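Just below is one structure, and these are the notes that go with it.
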Amino acid sequence: MQKLGNFKLPQFFNYPPYFTLQPVRDTRDKQVQLWKDLILDYCRTQKLFVID
């Protein structure tokens, strides 16, 4: 598992399709939700309240 400072990245972060917008609507919706969750979790652990 990779780390970003003291933040551990999820296992799916190393899965290449995670970085490619998926053409199937349901898959894309899940992908976008995973990105949102990852960003919010990172901000929570780092106590970030504003993202530039």
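The values are calculated or read from the model by the stated rules, or taken from the named source; none is laboratory data. From a predicted model like this one, the values you see are computed outputs, not experimental measurements. Here the Cβ positions follow ideal geometry from the backbone for every residue, glycine too, while neighbour counts run over all protein chains shown.
Things worth noting here:
- So residue 32, is it in a helix (DSSP H, G or I), without any contact (Cβ under 8 Å) to a residue 60 or more places away in the chain and of a type outside the set (S, T, N, Q): yes
- Criterion violated by residue 36 - all others in (1) of a type outside the set (Asp, Glu); (2) at pLDDT 90 or above; (3) in contact with a strand residue (DSSP E or B) (Cβ under 9 Å, 6 or more places away or on another chain) satisfied: (3)
- The residues of region 42-52 that are free of Cβ contacts under 8 Å to residues at least 12 places away in the same chain and assigned to a helix (DSSP H, G or I), listed by number, are 43, 44.
- Among the residues making up region 19-34, none is touching a helix residue (DSSP H, G or I) at 6+ places or on another chain (Cβ under 8 Å), surrounded by fewer than 12 Cβ atoms within 10 Å (Cβ to Cβ) and closer than 23 Å to residue 48 by Cα.
- If you go through region 1-18 and keep only what is surrounded by 10 or more Cβ atoms within 10 Å (Cβ to Cβ) and in a helix (DSSP H, G or I), you end up with 12, 13, 14, 17, 18.
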